[in-house]
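What follows is calculated from the coordinates using simple rules that are stated; it is not laboratory data. What you see is a predicted model; the values in this text were computed from it and never measured. Reconstructed Cβ throughout: ideal geometry from the backbone, glycine too, with neighbour counts over all protein chains shown.
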Amino acid sequence: MGSIGGVYLFRIPEGEEFISYVTKFLEKEDIKAGVVKAVGTLRNPKIGYFLEKEKRYKINELEGTYEIASLMGNISIKDGKPFLHVHVVLGDEEGVAYGGHLIEGEVFVAEVFVMEIVGVELERKMRENGLALWDEMRL
Ligand code: ZN
């Protein structure tokens with residue numbers, strides 16, 4: 001069991017790439033575990049869907065500007081560095097939703113919430129299914 005460490009709210013400058021910007025923030029603040037949420041708008045986002053049989057992501061490259069209807073993710077360690085894993089639901093101007101694993105997206109607006117969790121160690125390792133995952137928790 002961990003406990004809550006630092007809690008942060010910040011806005012990402014327009015034009016920055018979401019994943020790389022938040023990852024830089026995690027490195028700067030030395031955050032190794034936690035949760036991330038955000039609202040805002042992304043331009044030309046790329047979202048992935050993991051093809052189980054092929055063990056790879058099919059990447060859906062969306063064009064234009066999309067509302068972040070929901071964005072949630074977690075922070076753990078991969079290859080010795082903070083790793084951000086984010087899933088999104090993105091809405092277009094008609095309110096049509098696209099969802100998946102966020103690979104990248106240029107920020108128009110992003111208000112980000114980060115909650116650090118201290119006292120836990122979550123390290124991602126490559127598994128047979130083709131995904132870098134934590135150890136399972138056996139009850
Ligand atoms: Zn994912």
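At-a-glance table
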| item | result |
| --- | --- |
| Cβ charges +1 (Lys, Arg) and -1 (Asp, Glu), total dipole of the chain, debye | 540 |
| Above-threshold pairs, the threshold being 26 Å between Cα atoms, out of Lys46/Lys125; Lys24/Lys78; Lys32/Lys53; Lys58/Lys125; Lys28/Lys53 | Lys32/Lys53; Lys28/Lys53 |
| Over the chain - Rg/Rh using Cα atoms and the Kirkwood inverse-distance radius | 0.98 |
| Residue of Gly73, Gly105, Gly64 that the Gaussian network model of the chain assigns the largest fluctuation, springs spanning Cα pairs under 10 Å | Gly64 |
| Dipole of the chain [Lys/Arg +1, Asp/Glu -1 at C-beta], most positive-end residue of Leu131, Tyr21, Gly5 | Leu131 |
| Neighbour cut-off at most 16 other Cβ (10 Å), DSSP loop, GluC sites (Glu not before Pro), the range 1-80 | Glu14, Glu16, Glu52, Glu54, Glu63 |
| Computed over the chain: relative contact order in percent, which uses C-alpha pairs under 8 Å that are six or more apart | 36 |
| Trypsin sites (Lys or Arg not before Pro) lying in DSSP loop within the range 76-139, provided at most 13 other Cβ fall within 10 Å | Arg127, Arg138 |
| Additional length obtainable on full extension of the chain from Val39 to Glu136, 0.36 nm per residue less Cα span | 31.9 nm |
